[in-house]
Amino acid sequence: MSNLRVRFAPSPTGYLHIGGARTALFNYLLARKEQGTFILRVEDTDVARSTQESVDAILQAMEWLGLSYDEGPIYQSDRFDLYREKVQQLLDNGKAYRCYCTQEELEARREQALAAGRKPKYDGTCRHRQDQPVDQPFVVRFSSPIGGDTTFIDRIKGPITFANEELDDVIIQRTDGTPTYNFVVVVDDATMNVNLVIRGDDHVNNTPRQIVMYQALGYPVPEFAHVPMILGADKTRLSKRHGATSVMAYRDMGYLPEAMVNYLVRLGWSCGDEEIFSLPELVEKFSLESVGRSAGVFNPDKLLWLNAHYIKTSDPQRLAVLLDRHLKDEGIDPNGGPDLVAVIKTLQERARTLIEMAQGARFYFAPEVVVDADAREKFLTPDKKPVLEAVIAALDSLSETTEVTVNAAFNRVMEQTGLKLGKVGPAVRVALTGSTSSPGIFEVISVLGASESCRRLQRAIDSL
Ligand code: GLU
């Protein structure tokens, strides 16, 4: 065990986004690599926007991706007493103050500042106020240091400096008494002994605000690593316009979790020209030093390519389990049909998603094959009757139906009839599967079995 302690801290205000999942993955990988501790913290202080549904969705997505955590989920909503105590500590030490300025007053001053060409920030009216108005709502503001700089060395971006003047006296407790993000994140990371914060770089501007709070509360400051954003192909921030952004939407679209993990990690991290990484390999190879400084561009084609790779190379028994939901979605009932694992083996080579695989499996389980009209017209013509009958006879005589015996049976038919396989194959394919694109006919026949294959061929002949 090392003493590395990292955390993933999602706000449960929606599903787990691609970007959030990548942040979670980077934290997970580093914790596993260094045998540190990975904490899951649910940042649900914004009671109005947080929902149980989102919490469940996030936990489900973490599980789907295989990102196990060592501590948590810890809910901020269970920790309000601690936050209140810490607000009080800052008030007592003169490092925070009550602010009674009203929305209207703040708005008016903001406009004045803008009109005068100054950057709007809290002007400090209540900072030195001696009186304590009773029965008047207030927020608590942090007394930011005046003058000087705050610097940190980002593990990805290098040294970053902000002038303290930029920091503003941020609100740490709202009028309703609830604490705000920048404050609770400090209290939590400090009390959970987090020593490296890996998060999206949309938080870079928050970091100096948080650092001065660590200092005011007497906590050691952790290290920070801000991961660059993910962009769409048009180089704007990844959003729904670019396609699905929820991790679980990809499960529903027939992606394997290992393809998703492999794709996510490559969005910002690289290891030579390697593209394919299993989770254990990633644990071994991942490092923050190889995370790039520029934004990753989401490329759905590459994700699809990786998914096809993982479908091709996955254990068909496992695919059978994962395929189940997609068969249901397609209204396909595999019970009573050919062996599902055998079916899957014939589809792994071509299916790029589990949805494609389910659709490709339809003909195997259909009580009656639905023949595509064009395919029928082109290939299932009356002149094919004798050869289809010869195929039936050859298959009927087989004691065992394997690709090898089926291949031999076809060779005999070719010899008898003097036809080429190119003439016969398409008709057989259309009769068995209903379409012109399917796994190879020897494979299909060996999976369907001789008697079901003959039944389908006979039915095709009867329809001629
Ligand atoms: N809850 C914050 C978010 O979802 C994360 C903050 C952090 O990682 O410090 O953006």
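Data table
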quantity: Average accessible area per residue (Å²) across the chain - probe 1.4 Å, nucleic acids and ligands excluded; calculated: 48 Å²
quantity: Neighbourhood charge, 11 Å Cβ-Cβ cut-off, centred on Glu71 and excluding it, Lys, Arg +1 and Asp, Glu -1; calculated: +2
quantity: Euclidean distance of C-alpha centroids, segment 332-386 and segment 28-73, integer Å; calculated: 41 Å
quantity: Rounded accessible area of Lys328 (nearest 10 Å², 1.4 Å probe); calculated: 140 Å²
quantity: Relative contact order %, segment 373-463, counting alpha carbon pairs below 8 Å whose residues are six or more apart; calculated: 41 percent
quantity: Theoretical gain in end-to-end length, Lys240 to Ser2 [0.36 nm per residue, Cα-Cα removed]; calculated: 81.8 nm
quantity: Residues of type aspartates and glutamates that Lys95 reaches as a straight line, Cα spacing below 20 Å, ignoring anything fewer than 8 places off in the same chain; calculated: Asp81, Glu85, Asp123, Asp131, Asp149, Glu165, Glu166, Asp168, Asp169, Asp188, Asp189
quantity: Relative contact order computed over segment 314-365 (Cα-Cα under 8 Å; 6+ residues apart), in percent; calculated: 45 percent
quantity: Cα-based helix-to-principal-axis angle, 52-65 vs the chain, degrees rounded to 10; calculated: 60 degrees
quantity: Size of electric dipole in segment 373-463: Cβ of Lys, Arg +1 and of Asp, Glu -1, about Cα centre, debye, nearest 20; calculated: 260 debye
quantity: Of Lys328/Lys378; Lys240/Lys302; Lys345/Lys385, pairs whose Cα-Cα distance is over 23 Å; calculated: Lys328/Lys378; Lys345/Lys385
quantity: Residues in segment 159-181 that a label on Glu111 would reach, taking backbone N under 20 Å of a point 7 Å out along Cα→Cβ; calculated: none
quantity: Lysines with Cα under 19 Å of Lys384, excluding same-chain neighbours fewer than 8 positions away; calculated: Lys420, Lys423
quantity: Mean separation of Cα contacts under 8 Å, 6 or more apart, over the residue count of the chain: relative contact order %; calculated: 12 percent
quantity: Ratio Rg/Rh, restricted to the chain and using Cα atoms, in which Rh is the Kirkwood radius; calculated: 1.18
quantity: Cβ-isolated cysteines (cut-off 4.7 Å), the chain; calculated: Cys101, Cys271, Cys454
quantity: Cα gyration tensor category, rounded, prolate or oblate, for segment 192-231 with a/c compared to 1.5; calculated: oblate
quantity: The chain, helix-only ellipticity at 222 nm - DSSP H runs n ≥ 4, -39,500 (n - 2.57), divided by all residues, nearest 500; calculated: -14500 deg cm²/dmol
quantity: Equivalent ellipsoid, segment 314-365 (semi-axes from 5 times Cα gyration tensor eigenvalues, Å); calculated: 14, 12, 10
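The values are calculated or read from the model by the stated rules, or taken from the named source; none is laboratory data. Predicted model only: the values in this text are computed from it and were never measured. Counting neighbours? That spans all protein chains shown, and the Cβs are built from the backbone with ideal geometry, glycine included. Side chains are part of the model used for accessible areas, which takes the heavy atoms of the whole protein and leaves out ligands, DNA and RNA. Shrake-Rupley method; radii C 1.70, N 1.55, O 1.52, S 1.80 Å.
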